[in-house]
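This report refers to the structure that appears directly beneath it.
The values are calculated or read from the model by the stated rules, or taken from the named source; none is laboratory data. Keep in mind the model is a prediction, meaning the values are calculated, not measured. Here Cβ is always computed from backbone atoms with ideal geometry, including for glycine, and neighbour counts include all displayed protein chains.
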Amino acid sequence: MQDGMFTAALVGQPNVGKSSLFTRLTGVGVISSNYAGTTVTFEEAVVTRKGNKVRIYDLPGTYGMSGNSDDEEVVLEMVRDPDIDSVIVVADATNLQSSLVLCFEVIELGLPLILAVNKADEARKKYDTDYKELERILDVPVVPVSAKTAEGVDELADALCEGRGRRSTFQVRYEPHLEEAIDNIIGHLKKIRFDQRGTAVKLMEGTKTFIEGVMPATAEIASVLRDNFEREHNETSDIAIARERYSVSDAIVRKVQTRTQTKFSRKDRLSEMMITPSTGIPILIAVGLMLFVTMIFLGSLLDEAVSYVYDTLIGNSLADFGADKGGEMGRAIMLGIDGSIRAILTLVIPYIMVFYIILGVLEDTGYLPRAVVLVDRTMHHFGLHGGAFIPMIVGLGCNVPAIMAVRTIRSRREKLILTSLIVMCVPCSAQIAIIFGIVGKYSGFIYAFAILIVLLALMVVLGLGLNRFLKYEPSNLAMEIPDLSAPSLKNVLFKTWNRIKDFFVIAFPLLVVGSILLEIALSYSLMDFVIGPLSFLTVGMLGLPAAVILAFIVGVLRKEMAVGMLAIIAASTGIMELASFMGPEQFFVFGLVMAIYMPCLATIAVIWREMGWKETIAVSALSIGTAIAIGTLANWILMAF
Amino acid sequence: MMVSDNREDYLIEILRLTEGEGRAKTNDLADKLGVSPASVSEMIKALSGDGFVTYTKYRGAELTPEGLNYAKQLRKKHHIMERFLTDVLDLDSDTAHVEAHKMEHVISDDSAIRICRIIGTPVDDDCSSCESQCRAATGLGRISKKLNEMRQGDRGCISHLKCEDPKTVKKLISMGFVPGRDVCIGSNGSRSGPKVVTVGNATFALDSEMASFVYVEPSDD
């Protein structure tokens with residue numbers, strides 16, 4: 001109970017569809033994708049049904065309940081919390097064996113539970129499943145559901161609100177030596193929160209969190225028993241326990257599920273093609289090209305359309321309205337607002353939205369983990385493994401979730417390399433919008449592509465360099481490859497909205513306020529103390545107008561704000577058309593520096609939280625230095641021609 | 001090939017005396033088996049006719065590779081049965097030894113492997129209860145392979161996991177790479193690229209180092 005409210009947590013292995021089910025159950029939107037590890041933090045929401053309120057938590061996926069990784073730790077902590085009244089174990093009907101093993105662990109710990117078997121619709125195509133028999137064997141309520149079609153979701157909500165979750169009497173019996181050891185440990189356990197047998201099994205497994213939770217003497221006994229077991233059996237006790245769980249699980253699945261379709265399906269063949277290098281690499285290149293080409297063409301098309309609509313509907317009326325009401329000052333303020341609206345509309349809607357729609361489709365098909373297999377070897381040159389590919393792709397949208405996804409990586413070294421690469425070499429959607437929307441528009445698309453090439457080259461140099469410079473730690477790929485599935489339009493649009501709504505609710509007000517402040521500051525020449533002293537950088541090294549420094553500074557807040565600022569700065573010098581404010585080469589240098597330099601505030605905050613202040617400063621300093629160096633170099637080269 | 005119980009006793013005894021290296025003297029064998037040196041000579045002639053030993057006058061009998069393999073399998077069966085009788089059925093060790101001695105001749109390879117799994121001895125290792133480990137360890141039945149050495153379309157059953165880092169072992173276990181489960185290798189391009197492995201109904205990508213920690217007993221088909 002928490003604030004007098006019945007509280008339940010969704011627990012399940014990665015990619016069984018906890019987040020989709022959570023969204024279905026609660027109506028609260030959580031991002032879900034077709035690969036493991038989409039959820040790295042937990043969400044909560046309240047469901048009301050027939051007058052009963054239940055609070056539900058969506059937890060990150062865990063393969064087991066051993067606290068092996070940070071995620072497992074979070075889940076273990078959460079279900080150990082006395083406030084949690086019930087656990088909903090979410091199983092995958094198409095992969096029952098593994099799901100049941102996790103279910104055994106929850107049962108063993110004596111937690112009341114309901115088993116929700118997700119993807120029931122998917123499973124029906126391949127198997128006959130006897131859920132009643134499963135319920136009888138496991139002695140807990142079993143509800144077949146599908147987060148995709150919403151079947152069974154009402155029933156699950158009912159079961160939850162009526163408090164039907166219960167402790168099971170089902171028990172996995174281990175081999176005699178293990179049972180003997182378990183009994184031995186139970187004899188030494190004093191008062192504990194969890195089921196005694198469950199705790200004893202965890203101690204035999206050598207689970208750290210549980211070892212720390214019992215008396216040192218008991219922990220010592222368990223350690224001796226584990227050693228004895230290993231000596232006698234030539235196998236560690238945790239492997240033996242897992243082996244028994246899987247053999248029980250396999251036996252149950254054999255009893256309740258029969259395969260009806262064994263054909264090699266079209267999906268399997270497609271999946272095969274995506275993974276085999278000879279066909280997979282061309283597919284990967286095609287997907288990458290498709291991503292950029294769609295963004296550029298659709299993006300610039302939409303950009304023009306939106307600008308046209310805005311011009312015909314609003315035109316100069318905002319500025320005129322300002323001039324009408326407040327003279328020169330009013331006009332300046334309204335010009336700022338006008339610029340902000342334009343920046344958001346012409347950048348966010350065309351480029352950022354299009355990107356997120358494509359990303360959503362890629363995520364939901366399950367294509368990304370297959371690309372991971374292809375790029376694994378290349379990534380090893382950078383001291384990373386293929387798994388790093390997914391945060392990088394996510395980083396093309398926004399660095400914040402990309403760096404949060406880095407959390408699933410265990411080694412510090414890998415975290416640092418990947419974070420640096422994402423911050424510097426992977427342009428986020430706002431940076432992409434600058435590259436295509438500004439550089440592409442004012443310098444030409446050749447220049448925009450040149451920036452991408454520079455970023456790619458920087459990634460190679462930086463990756464190889466960091467890999468050599470940082471102390472070696474092994475890095476290994478072990479990642480689940482989900483079945484391919486057709487993306488649902490609803491989920492893709494929902495995710496896209498969820499990801500771009502920040503631009504409207506956070507970026508837009510910031511931009512309006514920021515641009516008004518800047519406008520006022522500029523009209524009273526308040527910013528000269530920054531512009532003057534730093535002109536050696538802007539004018540001397542980068543060859544840009546001195547006032548552009550303000551765009552760089554504001555860009556630290558949010559990258560897309562720099563664009564709005566650029567228009568205002570240009571206006572303050574009396575130039576109304578951006579195209580005549582800087583030359584094509586200058587726009588290129590501006591875009592290049594913007595693409596590499598300094599993570600935005602939100603990114604800095606998340607790097608700080610995930611890695612600590614030292615790394616944050618290191619990554620920021622490295623990115624500023626690199627950006628200035630490359631920008632200066634580009635300026636010199638362009639001037640030479 | 002059918003080999004009589006009596007001959008099997010000789011093979012196992014030669015193995016015990018030589019551990020696969022060098023020769024067993026006729027007199028030593030006679031002592032161990034409680035028979036006359038003459039009967040030993042007789043039997044050794046028969047065994048060398050079967051191709052299990054080579055015999056040199058005055059120097060004794062040496063196991064051929066085939067004989068060594070056969071004898072080791074027998075000895076392992078003996079150990080498995082002995083462990084089963086003492087650990088699971090709670091018999092005292094003397095009785096267990098006598099009974100295991102009879103059982104070693106009749107139990108099939110497959111049943112022995114199954115019993116081995118119940119009592120939890122990794123199938124490919126020679127038995128830990130041997131007084132001295134065989135130097136050239138060829139296991140009972142099939143030999144396990146590292147997962148990264150398997151090829152596309154290969155199937156098998158996980159026999160054990162071997163890795164210095166317990167965290168990695170735990171990770172593999174939690175993903176379902178557990179002894180006794182069946183695996184199948186899916187498409188993979190380059191030799192050193194990641195392996196796509198199906199275990200149960202789930203498919204994983206493991207890079208070759210990760211895959212090298214998983215030992216698999218390949219199945220024939």
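Okay, here's what the table says:
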item: Which listed residue, of A:446, A:434, A:403, is in a helix (DSSP H, G or I), among the hydrophobic types (A, V, I, L, M, F, W, C) and surrounded by fewer than 20 Cβ atoms within 10 Å (Cβ to Cβ); result: A:446
item: Test: residue A:337 is touching a Ser or Thr at 6+ places or on another chain (Cβ under 9 Å), surrounded by fewer than 24 Cβ atoms within 10 Å (Cβ to Cβ) and farther than 16 Å from residue A:610 by Cα; result: yes
item: Boolean, residue A:388 is farther than 19 Å from residue A:604 by Cα and surrounded by 22 or more Cβ atoms within 10 Å (Cβ to Cβ); result: yes
item: Whichever residue in the stretch A:267-283 is part of a helix (DSSP H, G or I) and buried (at least 18 other Cβ atoms within 10 Å of the Cβ) and, among such residues, is farthest from the other protein chains (Cβ to nearest Cβ); result: A:283
item: Candidates A:512, A:589, filtered to the one that is among the β-branched types (Val, Ile, Thr) and surrounded by 22 or more Cβ atoms within 10 Å (Cβ to Cβ); result: A:589
item: Those strands (runs of 3 or more DSSP E) lying entirely in the stretch B:162-214 with at least 1 residues more than 9 Å from every other protein chain (Cβ to nearest Cβ); result: B:182-185, B:195-199
item: Matching residues in the stretch A:338-381 - criterion: being of a type outside the set (A, V, I, L, M), out of contact with any His (no Cβ under 8 Å at 6 or more places or on another chain) and within 14 Å of chain B (Cβ to nearest Cβ); result: A:366, A:367, A:369, A:370, A:377, A:378, A:380, A:381
item: Breaking point among (1) surrounded by 18 or more Cβ atoms within 10 Å (Cβ to Cβ); (2) more than 36 Å from the chain's Cα centre (by Cα); (3) assigned to a loop (DSSP other than H, G, I, E, B), for residue A:177; result: (3)
item: Number of positions in the stretch A:48-57 that are modelled with pLDDT under 80 and in a strand (DSSP E or B); result: 3
item: Helices (runs of 4 or more DSSP H) wholly inside the stretch A:93-150 containing at least 1 residues that are within 28 Å of residue A:205 (Cα to Cα); result: A:96-108, A:131-138
item: Selection status of residue A:372, touching a residue at least 24 places away in the same chain (Cβ under 8 Å) and in contact with a strand residue (DSSP E or B) (Cβ under 9 Å, 6 or more places away or on another chain); result: yes
item: Selection status of residue A:422, aliphatic (A, V, I, L, M) and without any contact (Cβ under 8 Å) to a residue 40 or more places away in the chain; result: yes
item: Selected residue (only one of A:544, A:550, A:592 is out of contact with any strand residue (DSSP E or B) (no Cβ under 8 Å at 6 or more places or on another chain) and more than 16 Å from residue A:627 (Cβ to Cβ)); result: A:550
item: Breaking point among (1) more than 30 Å from residue A:452 (Cβ to Cβ); (2) touching a strand residue (DSSP E or B) at 6+ places or on another chain (Cβ under 8 Å); (3) at pLDDT 85 or above, for residue A:312; result: (2)
item: Out of A:552, A:503, sole residue that is in a helix (DSSP H, G or I), touching a Phe, Trp or Tyr at 6+ places or on another chain (Cβ under 8 Å), among the aromatic types (Phe, Trp, Tyr) and buried (at least 20 other Cβ atoms within 10 Å of the Cβ); result: A:552
item: Within the stretch A:555-581, tally of residues that are farther than 25 Å from residue A:603 by Cα and assigned to a loop (DSSP other than H, G, I, E, B); result: 6
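Residues are listed down the side, and each one gets a yes or a no for (1) within 14 Å of chain B (Cβ to nearest Cβ); (2) assigned to a helix (DSSP H, G or I):
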| position | (1), (2) |
| --- | --- |
| A:471 | no, no |
| A:476 | yes, no |
| A:487 | no, no |
| A:496 | no, yes |
| A:511 | no, yes |
| A:515 | no, yes |
| A:520 | no, yes |
